[in-house]
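The values are calculated or read from the model by the stated rules, or taken from the named source; none is laboratory data. What you see is a predicted model; the values in this text were computed from it and never measured. Cβ placement follows ideal geometry from the backbone for every residue including glycine, while neighbour counts extend to all protein chains displayed.
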Amino acid sequence: MMTNLFSVFDPSSSIFNLSMNWLSTFLGIFLIPSMFWLMPSRYHFYWNTILTTLHKEFKTLLGPLSANGSTLIFSSLFSMILFNNFMGLFPYIFTSTSHLTLTLTLALPLWLCFMMFGWINNTQHMFAHLVPQGTPDILMPFMVCIETISNIIRPGTLAVRLTANMIAGHLLLTLLGNTGPSLSLILLNMLIITQIALLILETAVAMIQSYVFAVLSTLYSSEVN
């Protein structure tokens, strides 16, 4: 029995007290056709085109002084979140990216690594970043506080943004779907059309949110160099 609106997103299926819902994180790998791995196929070409485009954009954001291969971690992050978001659109599959457990696990270590690298190797640059250029002298103490707080909450905003966007659409689809049995035939047809439109919107959200997460992580990385 559903005790509240959000219990539908809770990982409840288990075997020997081990939660099995989190295995949906790895289901995206099984959806990749074998042709992708065996030969240069159409899927291989499409995915390579996407990754090449992302590599060029991330390289531009990181700057010319970034290390070779530094874009690979952000491309991998994009791929993982994209697969998990898409898997959540299938019925009866647990959406792991709708939980802060996963999104914070992705955002917090990245942010900590960026901060440690920046403060150890570019300490002067990190201090200078706390005061934007052109700030009046009287406002400098306040700007340091504001910049420090905004820097500290970055992993939280990254995680909550992804979680909230994934939960909102799924929750709306669930609530509308539960009203189906009590509707007339005309309203039921309208409900089905609405659900299809929302599903298309959720597909766009799944792609956009994975891209936003990866791009913001890249921008946070570029600030510490």
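Across the stretch 200-217, what is the number of residues that are of a type outside the set (G, A, S) and either in contact with a Gly (Cβ under 9 Å, 6 or more places away or on another chain) or modelled with pLDDT under 90 (or both)?
Result for the stretch 200-217: 3.
In the stretch 131-150, what residues are part of a helix (DSSP H, G or I) and either free of Cβ contacts under 8 Å to residues at least 12 places away in the same chain or small (G, A, S) (or both)? It would help to see each step written out before you state the result.
Looking only at the stretch 131-150, we keep the residues that are part of a helix (DSSP H, G or I), and these are 137-150.
Selection gives D137, I138, L139, M140, P141, F142, C145, I146, I149, S150.
Restricting attention to the stretch 52-95, and to residues there that are over 21 Å from V224 (Cβ atoms), at pLDDT 85 or above and hydroxyl-bearing (S, T, Y), which single residue is surrounded by the most Cβ atoms within 10 Å (Cβ to Cβ)?
My answer is S79.
Please specify each residue of the stretch 90-130 satisfying the condition of being hydroxyl-bearing (S, T, Y), more than 23 Å from T157 (Cβ to Cβ) and assigned to a loop (DSSP other than H, G, I, E, B).
Y92
Could you list all residues from the stretch 36-60 that are over 30 Å from H170 (Cβ atoms) and of a type outside the set (S, T, Y)? Step through it out loud before you land on a result.
Looking only at the stretch 36-60, we keep the residues that are over 30 Å from H170 (Cβ atoms), and these are 37-42, 44-45, 48, 52, 55-56, 59-60.
Passing the criteria: W37, L38, M39, P40, R42, H44, F45, N48, H55, K56, K59.
When you go through L175, L100, L183 one by one, which is the residue that is in contact (Cβ under 8 Å) with a residue 40 or more places away in the chain and out of contact with any Ser or Thr (no Cβ under 9 Å at 6 or more places or on another chain)? Write out each step before concluding.
Details: L100 fails: out of contact with any Ser or Thr (no Cβ under 9 Å at 6 or more places or on another chain); L183 fails: in contact (Cβ under 8 Å) with a residue 40 or more places away in the chain.
After ruling out the rest, the residue left standing is L175.
Which pairs have Cβ atoms under 6 Å, sit 6 or more apart or on different chains, and link a residue in the stretch 46-73 that is closer than 14 Å to T218 by Cα to one that is of a type in the set (V, I, T)?
H55/T71; F58/T71; F58/T218; K59/T71; L61/T218
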